[in-house]
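The values are calculated or read from the model by the stated rules, or taken from the named source; none is laboratory data. Bear in mind that the values here come from a model prediction, so they are computed numbers and not experimental data. Methodologically, a virtual Cβ is constructed for each residue, glycine included, from the backbone with ideal geometry; neighbour enumeration extends over all protein chains shown. Heads up: the accessible areas ignore ligands, DNA and RNA and are worked out on the full protein's heavy atoms, side chains in. Shrake-Rupley method; radii C 1.70, N 1.55, O 1.52, S 1.80 Å.
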2 protein chains.
Amino acid sequence: MRLSRYFLPILRETPKEAEIVSHRLMLRAGMIRQEAAGIYAWLPLGLRVLNRVADIIRAEQDRSGAIELLMPTIQSADLWRESGRYDAYGKEMLRIKDRHERDMLFGPTNEEMITAIFRSAVRSYKDLPKNLYHIQWKFRDEVRPRFGTMRSREFLMKDAYSFDLDQASARHSYNKMFVAYLRTFARLGLKAIPMRAETGPIGGDLSHEFIILAQTGESEVFCDRAYLDFATPDAKTDFDDVAGLQATVDHWTSRYAATSEMHDAAAFAEVPQPEQMAARGIEVGHIFYFGTKYSEPMGAKVTGPDGQERPVHMGSYGIGPSRLVAAIIEAGHDESGIVWPDAVAPFDVALLNLKVGDGVTDAACAKLQGELEAAGLTVLYDDRDERPGAKFATADLIGLPWQVIVGPKGLAEGKVEVKRRATGARETVAPDAVPAYLRQNRTA
Amino acid sequence: MRLSRYFLPILRETPKEAEIVSHRLMLRAGMIRQEAAGIYAWLPLGLRVLNRVADIIRAEQDRSGAIELLMPTIQSADLWRESGRYDAYGKEMLRIKDRHERDMLFGPTNEEMITAIFRSAVRSYKDLPKNLYHIQWKFRDEVRPRFGTMRSREFLMKDAYSFDLDQASARHSYNKMFVAYLRTFARLGLKAIPMRAETGPIGGDLSHEFIILAQTGESEVFCDRAYLDFATPDAKTDFDDVAGLQATVDHWTSRYAATSEMHDAAAFAEVPQPEQMAARGIEVGHIFYFGTKYSEPMGAKVTGPDGQERPVHMGSYGIGPSRLVAAIIEAGHDESGIVWPDAVAPFDVALLNLKVGDGVTDAACAKLQGELEAAGLTVLYDDRDERPGAKFATADLIGLPWQVIVGPKGLAEGKVEVKRRATGARETVAPDAVPAYLRQNRTA
């Protein structure tokens, strides 16, 4: 992509309304634009990251056996009256009347609708387990939206819902999501720690939040430092292996880790002193087992092997991709801008032409762009008529993993410069050798 | 994907509420489920088609030089007051008050918001042309939603917006979309004919609808049969070639073609009698040039080469992927069910195990699934414990391009059966030869 043809509205000034670094950097790097309080447009650079994050989430949901569908944003209030949540939900629910004065709402979550879909289609334990998920825009009318896409009103959420015959099999479904989440966050370049959590308005008995540590986190968290060195479950994990999955979950819940709501100071004191970690955290995922809380009032029943009908046991599992984009920046930036992990970067390479209009440099850049793209790398080619300093600043700000810097002086010596954004390390490489060099040195 | 683990709620009975064949088949094939009047959930099979349709649209938008972003679903009424459309739009606009009693709305279209995004970022003719698009859920509160996803209230739309310095360059941007649309519909397996159209509430001087012919079409259309044999613009089309693109558009508008609103009986009479075609049509795309209708009131101005500020010339370009899924079925079905074009089929292959539980057959199917997937084909493996008749009926109903039918008798002779859904043609093939056979015979 040629930058001259792209739409990348970089801000020179630091926006005053932005209180945290990810919000500042997303605005400055032209990733998002606020359209109303807590409502953002995702500009081209931001959308590319959002899609990559969602694709990783999707891949790990699919790997675990969950099935993707897509529920609408607008729901009928009647469904929520069945579960009793229509009146209970409070002002965060955006209530709407349509032209026929019917009560509708913009879905803040989908337990009711997925339960209705399930009960209309599944009758027998033979069709279980099922885990259905979607990645859809939700709306929660926060009193005071803030922190950019970290706490917005319209936000993207992956929400999965599991259906099982009994508590034991529901536990296995819960464990599948637990492991899928560990893998998802690791692939996003994040160290996420599962912590026992309160269940809140979703309800239920068993719940974990996945927390990444960041100074700007909203929650105070307490955990054993050992978690930072735990190995991520393997891509070849067998999600049908009940005991194996339980062992992984047991391992990942064997140490102390709790949000402030669940904190037990006495238990924490038993963690060896140097391993005690009290920090700020950002919640990036939340999983719940809530049994028959919705299936019972809504009549979502299946026939068991004994011929008896019983309400299914359910769980729900949420990750917010739009929040995650901000969280990844909180975890990866420096004073010059964003530092994207390779796996979610909007482009792999910033190709900087230091002398646009110089025939040799232009030709070398065009050739490099073609070769890099042919090698499967995505390239943002800065072909603007700007001075080198502005190009370096833009490249650092938007944080692409590699910068390939091409100027007439280097070319005369048969060289271009390759800079790794994360470390600042620079190497000179022959133009023809750049694609192979980048392929060898990428981490994802 | 194993069907026993999938979520495919086939309906045995024909739903009474469905008036047209695509609506009936989408419900019966477990592609969609109505959640409220004119509001649908896309079940797994339907979502796969919707995503493939959107991906083809996206690829052709990108090829033409348009840039993807994503605007939110909820908009502030203030923006629409700037253009004067807030009061003008009528009851189709879903108006909402948030918890602070601010007037919001669920976007039925995005001219205002994209104009606001553009004006905040672009100041100079040097940054033009720009074409920004998104693929996002829209809401239009139809009095009487009907025909399933053909005319629903919540629907997916690709809407692109072009920005140019003057009318001549805006015409070139219009032509880019014209050609991109021709390519898009052809790739979707549709014969779409561009017809001069009224501009309606979007406004503007120049507009074409893209219409496919189908007996269930809502519009009466009149055109020259010659269009059915016109060649689709090539994938190597140079979208920067102003004259070349104009020639393509001139060619595609050289014959008579009009919707009933624009019909001119006298001009139609001049078409040679055997070429006159009066038919029903489905609108699958609509493009507009509307000049400064929004840029003027909203102050979206750029500085020209002469240093003078002037409002930009704009156009907008819509395709509805959710409507297109239904239109593709209207154009491709038979009495047994859907017949998907290869390019949008939810899976490439239905693999039918005629004797689940028979060791040899199960092993052959598992091996075939692995080999087909390794060959890059997507497979829905019917491993349910059902009689063959039910499997054949399901496979025909959901319309995957290929059926690979595996039973113990055939295997004893070293053969499986391969059926092409579109033609009903059957061949017997050695199991090992199936992947190569399908690769050689696919059309997309």
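Below is a table of values for the structure above.
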read-out	value
Considering residues of the stretch A:400-419 that are of a type outside the set (Lys, Arg) and assigned to a helix (DSSP H, G or I) only, the residue most open to solvent (accessible area, probe 1.4 Å)	A:412
Residue satisfying all of: in the stretch A:72-119; open to solvent by 60 Å² or more (accessible area, probe 1.4 Å) and either touching a Gly at 6+ places or on another chain (Cβ under 8 Å) or among the small types (Gly, Ala, Ser) (or both); nearest to residue B:107 (Cα to Cα) among these	A:88
Unmet requirement for residue A:422, which otherwise passes all of (1) in a helix (DSSP H, G or I); (2) open to solvent by 50 Å² or more (accessible area, probe 1.4 Å)	(1)
Selected residue [over 26 Å from residue A:44 (Cβ atoms) and among the aliphatic types (A, V, I, L, M)] from A:393, A:375, A:350, A:425	A:425
Residue within the stretch B:433-441 that is of a type in the set (Val, Ile, Thr), out of contact with any Gly (no Cβ under 8 Å at 6 or more places or on another chain), open to solvent by less than 10 Å² (accessible area, probe 1.4 Å) and without any contact (Cβ under 8 Å) to a residue 24 or more places away in the chain present	no
Residue under evaluation residue A:9, criteria (1) more than 7 Å from every other protein chain (Cβ to nearest Cβ); (2) at pLDDT 95 or above, criterion not met	(1)
Pick from the stretch B:296-330, criterion among the polar types (S, T, N, Q) and open to solvent by less than 10 Å² (accessible area, probe 1.4 Å), ranking: nearest to residue B:22 (Cα to Cα)	B:322
Among the residues listed as A:160, A:170, A:180, the single one being within 22 Å of residue A:252 (Cα to Cα), at pLDDT 95 or above and not in a helix (DSSP H, G or I)	A:160
Flag for residue B:190 being open to solvent by less than 30 Å² (accessible area, probe 1.4 Å), more than 14 Å from chain A (Cβ to nearest Cβ) and closer than 20 Å to residue B:22 by Cβ	yes
Qualifying positions in the stretch B:145-154 - more than 10 Å from every other protein chain (Cβ to nearest Cβ), surrounded by 18 or more Cβ atoms within 10 Å (Cβ to Cβ) and not polar (S, T, N, Q)	B:145, B:147, B:148, B:150, B:151
Residue A:36 vs. criteria modelled with pLDDT of 95 or more, of a type in the set (Gly, Ala, Ser), within 18 Å of residue A:137 (Cβ to Cβ) and open to solvent by 10 Å² or more (accessible area, probe 1.4 Å)	yes
Every residue from the stretch B:137-165 that is more than 17 Å from residue B:108 (Cβ to Cβ) and among the charged types (D, E, K, R)	B:146, B:164
Residue among A:54, A:59, A:88, A:77 that alone is at pLDDT 95 or above, more than 24 Å from the chain's Cα centre (by Cα) and among the hydrophobic types (A, V, I, L, M, F, W, C)	A:77
Some residue of the stretch B:373-382 being open to solvent by 40 Å² or more (accessible area, probe 1.4 Å), part of a helix (DSSP H, G or I) and free of Cβ contacts under 8 Å to residues at least 24 places away in the same chain	yes
Test result for residue A:210, at pLDDT 95 or above and open to solvent by less than 10 Å² (accessible area, probe 1.4 Å)	yes
Filter pass, residue A:359 being buried (at least 17 other Cβ atoms within 10 Å of the Cβ) and either farther than 30 Å from residue A:384 by Cβ or not polar (S, T, N, Q) (or both)	no
Qualifying residue in the stretch B:266-285 (condition: within 18 Å of residue B:187 (Cα to Cα) and open to solvent by 20 Å² or more (accessible area, probe 1.4 Å))	yes
Some residue of the stretch A:136-144 being surrounded by 20 or more Cβ atoms within 10 Å (Cβ to Cβ), over 29 Å from residue B:140 (Cα atoms), facing chain B (nearest Cβ under 9 Å) and touching a residue at least 40 places away in the same chain (Cβ under 8 Å)	no
Positions within the stretch B:216-247 being open to solvent by 50 Å² or more (accessible area, probe 1.4 Å) and aliphatic (A, V, I, L, M), in sequence order	B:231, B:242, B:243, B:247
